[in-house]
1. Tell me what the chain gives for mean residue ellipticity at 222 nm when only DSSP H runs of n ≥ 4 count, each as -39,500 (n - 2.57), the sum divided by the residue total, rounded to 500 deg cm²/dmol.
2. For a paramagnetic label modelled at 7 Å from the Cα of residue 61 toward its Cβ, which residues of the range 79-101 fall within the zone defined by backbone nitrogen distances under 19 Å?
3. Quickly rank 80-92, 42-54 as a protection proxy: mean count of other C-beta atoms within 10 Å, highest first.
4. For a protection proxy built on the mean count of beta-carbon atoms within 10 angstrom, sort 63-76, 251-264, 198-211, 27-40 highest first, please.
5. Could you work out the equivalent-ellipsoid semi-axes for the range 170-273, taking the square root of 5 times each eigenvalue of the Cα gyration tensor, largest first, in whole Å?
6. Over the alpha-carbon set of the chain, work out the extent along each principal axis and list the three values in angstrom, largest first.
7. With a point put 7 Å past each Cα toward its Cβ, work out how far residue 237 is from residue 88 in nm, to one decimal.
8. Any idea how far apart residue 49 and residue 178 come out in nm if each label point goes 7 Å out from Cα toward Cβ?
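Please treat every number below as a calculation from the coordinates, not as lab data. Given the structure is predicted, the values throughout are model-derived calculations rather than measurements. With ideal geometry, Cβ positions are generated from the backbone for all residues, glycine too; neighbour counts draw on all protein chains shown.
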Ligand SMILES: O=C(O)CCC(=O)C(=O)O
């Protein structure tokens, strides 16, 4: 793989089959009005099984280093990071046509790229997070993002286990993607919000959410694991959470298609052999 180059996100999306027709009118409405859309059981069981297997292999082989490339601040939560370089099995998270189509819709089909691809397991007894948006509140010029500004970030959450009311399912406050960050509105973002809903679904379900939507992990009070992958995207002229060009290995680079390289913003990271 890997001949030719791609010059725009439109071209990359077309090559990956992510046309606007991938989404139903109800799915578009959900993204626009609620700030998220749920695709139940999008992945085949065999794909979910492969993702789980690799997740556990990495947790075991990386030990205390797991997740360090990005974030290991949450005590007890199992984190993984830089998954682009840790298995072809994860390519679905930056190549799935329907998911990319939903992401592109939130960006208004403006230029964007992958920001990071991470794993998170709210292990039993852990997982509660304050309501937040996946954004540091500042634009690159140092000013705050205001309500009504364009959207800069979109996330997709890939459920490797069932998300249920008691095992740390992600909570969201529908419609808040148009507002400023929770900390400007809420005295205690960790508290339950009267309008929050928990997003539940069977394994293989994918949630695409506008990352300005107020959301957060919840406490896993069950005895079960709750593994998820986060494939996170940002407008193209902003920094990535993980600098994909700095991290991409030659082995990964060589298996990526031109469209995937464009999406990761790693084109030209290695000279042609
Ligand atoms: O895994 C989840 O439920 C959400 C995690 C999240 O929002 C975060 O880590 O920023």
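1. -5500 deg cm²/dmol
2. Correct set: 79-93.
3. Those peptides, ordered most packed to least, come out 80-92, 42-54.
4. Ranked from most to least packed, the peptides come out as 198-211, 251-264, 27-40, 63-76.
5. Details: eigenvalues 239, 69, 27 Å².
Listed largest to smallest, the semi-axes of the range 170-273 are 35, 19, 12 Å.
6. Ordered largest first, the chain gives principal extents of 55, 43, 37 Å.
7. Between residue 237 and residue 88, the simple spin-label model gives 3.7 nm.
8. For the pair residue 49/residue 178, the computed spacing is 4.5 nm.
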